[in-house]
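Working notes for the structure below.
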Amino acid sequence: MDDLLEIGDKKLESRLFTGTGKYGSDALIPEIIKESGAQVITVALRRMNPDSEEDNILDYIPKTIQLLPNTSGARNSNEAVRIARLARAAGCGNWIKIEVISDNKYLLPDGYETIRATEILVKEGFVVLPYISPDLMVARALVNAGAAAVMPLGAPIGSNRGLKTRELIRILIDEIDLPIIVDAGIGKPSQACEAMEMGAAACLVNTAIASAENPVLMGKAFGRAVKAGREAYLAGPGSTSSHAVASSPLTGFLNGNESQEEN
Amino acid sequence: MNVIINGKNEEIIRETSLLDFLTSKKIHPDKVVVELNTTIIEKHILADTIIQENDRIEILRFVGGG
Amino acid sequence: MSFYDTFLRIQKLDLGKRFAAASTEDVNRVLQKSSIDENDFLTLLSPAAESFLEEMAQKAHHLTIRQFGKTILLYTPMYLSNFCTNRCLYCGFNISNRISRKQLTLDEVEAEAKAIASTGLKHILILTGDARKIASIDYLKDCIRILSRFFSSISIEIYALETLEYAELIDAGIDALTLYQETYNQNLYKKLHIKGPKTDYRFRLDAPERACIAGIRSVNIGALLGLDDWRMEAFFTGLHAEYLQRFFPEVEVSISLPRMRPHAGDFQPENIVSDKNLVQIMMASRLFMPRAGITISTRENEVFRNNILRLGVTKMSAGSSTKVGGHTISENDTGQFDICDHRTVAEMKELIISQGYQPIFKDWQPIL
């Protein structure tokens, strides 16, 4: 049953992307990858402290997993481009999640700067996955810029509030010819399931797993939820019970004398 | 001589290459990316790049993120 | 890029088989969805959907009110010229029909405009036959210049033009285009268009797109129902509209559902499109394209027009004549087709109000 998600030159079996942020212990990460089945994982780029012995997060990520560095910290397109180039030079592939946030209250992304960064980085050969508010015009500009996918938020980062933007995400799924990967805001496996049922190509879940009491088990649950949602979408839902019919019929006139004979 | 490493002033001896510097700090070059005066220095030329007075060096690595 | 690519893709499918294969379960499933795709549209046009007309109508009625409100835009056609170099078998202006040919002088255009404007209408649709040398671009520009003084929206329904020509007319003051493919069936198209520039199927098919590229604000397309199997024509019309909406999201797309009427000439439509069929087409189209305008002209009779007003229509013509100068000159000329609803603008206004809707006379005003 070939339902692979194609991004760049990768064909992914799992439609759950996960992150490496907010963990109490990075040692949980390999367990989560194993139990959730995730094949794509986000990382961030930060200054190293040369004077201390720090573990490298890459040690916790199996080499078979696709790294998706993000440009977190970037407040504008220039910074995002710089981080992307650094991430690539660090030697972990050419995928990049563009995250340009200059709003520290809600952590909402800047669409304009994201479009500009995408245009530049696509030309430099990156596989660009931009993170945006679900704005159809921004998404169209990203398609034109050559983005490999579009990542609309379901709700503000870390809020775990679910698909507050579901109507707008639905519009993106209908109108945009790229994988729509719901990122941010998913708090429960049922919400990830819902996103997949709607037709999303994948979900990125970080906070909901990292902040769970049992992150490994939660990771497993999310893996299953994304799979279930995807299968439900592919199966094509049947009809539910019939809806109520309003009081006055609109087509009654058709049952009377048909005037078509005059023609 | 004075150089700026990750925004902080440091004294290092002259004729140090970037690779030497990383080694002296027990930093494996494969696990980081180095920027010298906002230019990314590819790994294979770290050994040949000699640090100059007042150079701004950024050493970055991957960390957890969403 | 052209709608023709979509057309070719659809052509490869056995549409007849698919229409026949649609089941009541399929129709039920489609009616539960909030947005429907191409396959769902086909299901709603199928024989299986015929027993669901009331449900479709309820859905279409409410959807139209949510998208457009309880409003109907009124307009009228103004025939400027009936000279024509085409021989289209189904048309009253066909070159081999011996009718008196006329083109309005600019004074007559002004008189006609005044007469129409006095009824309160602000949206006008100007029509000509296909005679480039007579009803030329320059003539049209002159007419548009005059009409701009009386009407706030000028739509054209003329022979297919090149992109630059559309741009010229847009510059002169038109904001909308009506162009019917007549039939999307290429073989039938060839049989019906014997002679003249209109024989070029592709040129005509791509014309609405050229107008969009040229910057037209609004485009209205359709097929002449009765020429070929109506399910096919309705399906292609819907797909054509969806294509234009998708590639030109800034353009207002509408569809018309002209049903063949008696006309001068011997041609009789192969296919009967009953009232039920026409209603089904309208409902299915409305559900497939929630934002598309739907026009019903005076080809349809009073009773029918009264009854379909609340079923998803957004534009209706009023006080119509298909004769050149028909609003002023009262000679016994031949119209393009026989009108069936002869009501005046005032009467149509009354009708619309009586159904709880608001008649709209002006929906657009260029200020640049």
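The values are calculated or read from the model by the stated rules, or taken from the named source; none is laboratory data. Note that the structure is predicted; figures quoted are calculated from it, not measured. So basically every Cβ, Gly included, is an ideal-geometry build from the backbone, and we count neighbours across all protein chains shown. We work out accessible area using only protein heavy atoms, side chains counted, and drop any ligands, DNA or RNA first. Shrake-Rupley method; radii C 1.70, N 1.55, O 1.52, S 1.80 Å.
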Counting other chain Cβ atoms within 10 Å of each Cβ in B:27-37 and taking the mean gives 4
Buried accessible surface, A vs B, both sides, probe 1.4 Å, in Å² to 100, equals 2500
Taking the dipole of the protein assembly as shown about the Cα centre (Lys, Arg +1; Asp, Glu -1; charges at Cβ), the one of C:148, A:33, A:101 that reaches farthest to the positive side is C:148
Per DSSP, the loop-located GluC sites (Glu not before Pro) within segment A:1-50 having at most 15 other beta carbons within 10 Å are A:13
Accessible-area loss of at least 20 Å² in the complex relative to the chain alone (1.4 Å probe) applies, within segment C:8-30, to C:25, C:29
Rounded to two decimals, the Rg over Rh value of segment A:77-184 from Cα coordinates and the Kirkwood Rh reads 0.96
Taking a ≥ b ≥ c as the square roots of the Cα gyration tensor eigenvalues, with a/c under 1.5 meaning rounded and otherwise prolate when a/b beats b/c or oblate if not, segment C:255-368 comes out oblate
Rounded to a whole number, the mean other protein chain Cβ count within 10 angstrom for residues of C:274-284 is 3
1/(1 + (r/R0)^6) with r = Cβ-Cβ of residue C:338 and residue C:33, R0 = 41 Å, i.e. FRET efficiency to nearest 0.05, evaluates to 0.55
CD proxy, 222 nm, the protein assembly as shown: helix-only mean residue ellipticity via -39,500 (n - 2.57) per DSSP H run with n ≥ 4, per residue, nearest 500, stands at -10500 deg cm²/dmol
Taking Cα atoms only, helix C:230-247 is inclined relative to the longest principal axis of chain C by an angle, in degrees rounded to 10, of 80
A convex hull over the alpha carbons of the protein assembly as shown yields, per residue, a volume in Å³ of 191
Loop-resident trypsin sites (Lys or Arg not before Pro) in segment C:40-129 with no more than 15 other Cβ atoms inside 10 Å, DSSP not H/G/I/E/B, are C:70, C:98
Rounded to a whole %, the carbon-and-sulfur portion of the accessible area of chain B at a 1.4 Å probe is 50
Over all viewing directions the Cα convex hull of chain C casts an average projected area in nm² of 16.6
Using alpha carbon positions and the Kirkwood radius, the Rg to Rh ratio of segment C:326-368 is 1.11
Result for segment A:1-131: accessible area per residue, probe 1.4 angstrom, in square angstrom, of 47
With the 1.4 Å probe rolled over protein heavy atoms, segment C:1-123 has an accessible area per residue in Å² of 44
Residue A:212 and residue A:248 label points (each 7 Å along its Cα→Cβ direction) are spaced in nm at 5.4
accessible surface per residue for chain B, probe 1.4 Å, DNA/RNA/ligands not counted, whole Å² -> 53
Mean per-residue count of partner chain Cβ within 10 Å for B:54-63 equals 6
Protection proxy (average C-beta count within 10 Å per residue), highest first, orders C:43-52, A:19-28 as C:43-52, A:19-28
Of the accessible area of chain A, computed with a 1.4 Å probe and all protein chains kept, carbon and sulfur make up a percent value of 48
Each label sits 7 Å from Cα toward the beta-carbon; between residue C:106 and residue C:70 the label points are separated, in nm, by 4.6
Expected unfolding gain across residue C:149-residue C:11 under the 0.36 nm per residue rule, minus the alpha-carbon gap, is 45.1 nm
With R₀ set to 56 angstrom, the calculated FRET efficiency between the beta-carbons of residue C:134 and residue C:20, to the nearest 0.05, is 0.75
Once the dipole of the protein assembly as shown is set up from charges on Cβ (+1 Lys and Arg, -1 Asp and Glu), the residue from the list A:117, C:292, A:12 lying farthest towards its positive end is C:292
Simple SL model, points at 7 angstrom along Cα→Cβ for residue A:26 and residue A:63; separation in nm is 1.9
When the charge dipole of the protein assembly as shown is computed with +1 at the Cβ of Lys and Arg and -1 at the Cβ of Asp and Glu, the Cα pointing farthest to the positive end, of C:19, C:282, A:211, is that of C:282
The lysines whose Cα lies under 20 Å from the Cα of residue C:12, excluding any fewer than 8 residues away in the same chain, are C:190
Contact-by-burial set, segment A:179-222, min loss 10 Å², accessible area of protein heavy atoms with 1.4 Å probe, reference chain alone, gives A:206
Nearest 10, in degrees from 0 to 90: the angle of helix A:111-123 to the longest Cα principal axis of chain A is 70
Projected area averaged over all directions for the convex hull of the alpha carbon atoms of chain A, nm², comes out at 20.4
Rounded to the nearest 10, the angle in degrees between the Cα long axis of helix A:189-198 and the longest principal axis of the Cα atoms of chain A comes to 50
Chains A and C: accessible area buried, summed over both chains, 1.4 Å probe, nearest 100 Å², reads 2200
Excluding ligands, DNA and RNA, the carbon-plus-sulfur percentage of the accessible area of chain C with a 1.4 Å probe reads 50
Set A:97/B:31; A:10/A:34; A:10/A:164; C:102/C:195, cut-off 24 Å on Cα-Cα distance; pairs above it are A:10/A:164
Restricting to aspartates and glutamates and to Cα separations under 15 Å from residue A:227, and discarding same-chain partners fewer than 8 apart, the set is A:2, A:3, A:13, A:35, A:194, A:197
